[in-house]
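Below is one structure, written out as C-alpha cells; comments come after it.
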Amino acid sequence: LMPLLQPSAAEPPPAVVAEEPALPSTPAPAPTPLRKAVHVLPLLEYVGQGRYMLLCPKEGLLPFEPESPQWFAWLAQQSSFRFVGHAGRFTAHHESRVPRGAWRAHRHIRNRSYTLPLAPTSELTVAVLEQTAAQLQAHLM
C-alpha cells in the first residue's frame, strides 16, 4: 500500500493556492462626460514699433507679415480671427453670404454687442483693422 500513497515522480505535488479575501463590491465610477472641444481663434497682435505677430493655434507663429501675399492667401482660408491692436481689440468674422466676402468686426462691451463692417479679404489691411479697433474702443469712453 505504501507505493500508492506516495506521489509518483512523474506527477508534481499539488500546489496550495491561497485564496485572496473577497473585496466588497463597489460600483464603478460613472464615466466622465466628454468636454466640448475648445475653439481657439488665430490671433493678430500688435507687438510694438509698428510690428504685428500672427499666431495660429494649428500652425503656431506664422512667418509672414500682414499685408503680404501670404497674409491675403492665409486670410482667404479663415472664417474668423482675433485682432489686438495698438488702439483696441475685436474679433473679426468672415461674412460668406455677403458679396465679395466682406469681414465684420465684433466686440462685446458693457453688456452691449457692437458690430462694424471691415472690408473684403483683398482689402483687409492693418490700417483698416486699427481704425476699426479705435472706433470700437471709443465706446468705452
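Quick one: length gained pulling Val128 to Ala73 fully straight, 0.36 nm per residue minus the C-alpha distance?
On the way: separation 55, 0.36 × 55 = 19.80 nm, distance 1.76 nm.
Full extension from Val128 to Ala73 adds 18.0 nm.
What FRET efficiency, computed as 1/(1 + (r/R0)^6) with R0 = 30 Å and r the Cβ-Cβ distance, is obtained for Cys56 and His108, rounded to the nearest 0.05?
Working: r = 23 Å, r/R0 = 0.78.
In this case the efficiency is close to 0.80.
Applied to the range 101-107, the Karplus parametrisation 6.51 cos²θ - 1.76 cosθ + 1.60 on θ = phi - 60° returns per-residue 3J(HN,Hα) values of x, 5, 10, 10, 9, 10, 8 Hz, with x for Gly and Pro.
Mind checking the range 46-136 for GluC sites (Glu not before Pro) that DSSP puts in a loop (not H, G, I, E or B) and that have at most 16 other Cβ atoms within 10 Å? Show your work: numbers first, answer last.
Values: sites: Glu59, Glu67, Glu95, Glu123, Glu130; in loops: Glu59, Glu67, Glu95.
The qualifying sites are Glu59, Glu67, Glu95.
Each principal axis of the Cα atoms in the range 66-110 has its own extent, and those three values, largest first, are 34, 25, 12 angstrom. Test of understanding: extend the Cα→C-beta vector of Thr115 to 7 Å, then name every residue of the range 73-99 with backbone N under 18 Å from that spot. What the label zone holds, given the 18 Å backbone N cut-off, is 79-83, 90-99.
Rounded, prolate or oblate: which fits the range 35-141 when a ≥ b ≥ c are the square roots of the eigenvalues of the alpha-carbon gyration tensor, with rounded for a/c under 1.5 and prolate only if a/b beats b/c?
Details: a/c = 1.24, a/b = 1.19, b/c = 1.05.
Rounded.
No value in this document is a laboratory result; all are computed from the given coordinates. Remember, predicted model here, so these are calculated numbers, not experimental data. Cβ: placed from backbone, ideal geometry, glycine included. Neighbour counts: every protein chain shown.
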